[in-house]
Structures are given as structure tokens and as C-alpha cells.
Amino acid sequence: MSGARRAPLRRSVNVWRRLDAISRHAWPGMVMFLGLLVIGLPFGVPGQAALRPAYAMACVFFWSLYRPASLPAPVVAGTGLLLDLLGMSPMGMWAVLLLVLQGSTLAARRRLIPQSFLLTWLVFTAFAAGATALAWLLQSLLELNLLPPGPEAVVCLAAAGLYPALAAFFIRAHRGAAAAELA
């Protein structure tokens, strides 16, 4: 009889462990998605629109660098589509740009992991500058007119300024409650 009593408990523990592992694995994508929704709320903060792509780029860069398995390409593309919908940019533009950012980060991953935070931050800033320059170029091509680069420069500066604070938060989560290896 004691064997019959242990079986449901063992199944219950396995279910909770699986849910724990799934939640830890999904955490980067969920934080990115929910953060974009919160930033998309009308708070009336000056420059709030520039925070959306800056936040998305910082999330994609950090999680592609430190936990690439937790941020698959469909999640990145979906986030880009959400960013397009929230920012009223051409549909698919940020999906492609975030995927390019993810691919660039994954390509540089082995060289960036052992580097200092300062160098990683500088590389992120360069990647963000490249992504915002591509966004400006694509929007200018769609408009058949050179658009002013000011808004994209603000996005790039916001990304560079936002990354250290987000990275500190993500590092803490990566080593703590969201650590996949603790599941």
C-alpha cells in the first residue's frame, strides 16, 4: 500500500519540476514581451517611443549572449512584430532587425562571453547603432525620401543608456530565480 501512496506524490513532484524548468526557460521571452507591453502603455514620458526598440534590442542581445536556448528565433520574430504594431513601423521591419541582431550576437558569442562588461556594452552599442541605421534606411526606402536620422539616433542612445541597468537586472535573474540550471 505504501508504494501506491508514493506514486501520486512522485508524479506531482515531477509535474512541479517540469513547470519550474519551463518557466525558467521561458522567462527571457516573457520578460521581453511583457516589458514591451508595459513600455507601450501611454505614460506620457518624453521619448517613451524610443524605449520600445531600445528595450527589445537590449533583451535580444543579452539573452542571445548568455542564454541563447531560452530565446529562440520565433520568439524574437514575434517580439519584433509586436514592436512593429506598438511603434507603427512597417510590418516585419523590427522582426527582421531583431533577428539580424540575434544572429550577429550569436556569431560573436564565443568572443564576447569572456570579455569585460565594458567591452560587451560597447559591442552592444555598435550593434544597436547598426540596427537603428538599418531601420532608418529601410524606412527611408519605403518613403522614397531620406527621413531625418534624429529619431533613430535617439533610439540608439536610449539603447546604449538603458543596457547597463537592464543587464544588471538580467544578470541577477540569470544567476538567481530564472537560472535554468537550477530547475
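The values are calculated or read from the model by the stated rules, or taken from the named source; none is laboratory data. These figures come from a predicted structure and were not determined experimentally. Virtual Cβ from ideal backbone geometry, glycine too; neighbours counted across all protein chains shown.
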Being crowded, with 17+ Cβ neighbours inside 10 Å, part of a helix (DSSP H, G or I) and not β-branched (Val, Ile, Thr) is the filter here, so list the residues in the range 79-94 that pass it.
-> Gly80, Leu82, Leu83, Asp84, Leu86, Gly87, Met93, Trp94
Scanning for something surrounded by 13 or more Cβ atoms within 10 Å (Cβ to Cβ), modelled with pLDDT of 95 or more and touching a Gly at 6+ places or on another chain (Cβ under 6 Å), does the range 95-117 turn up at least one residue?
-> yes
Residues in the range 98-150 that are polar (S, T, N, Q), in a helix (DSSP H, G or I) and over 19 Å from the mean Cα position of the chain (by Cα): how many?
-> 2
Subset tally (residues that are in contact with a helix residue (DSSP H, G or I) (Cβ under 8 Å, 6 or more places away or on another chain) and either on the phi > 0 side of the Ramachandran plot or aliphatic (A, V, I, L, M) (or both)) for the range 127-156 = 12
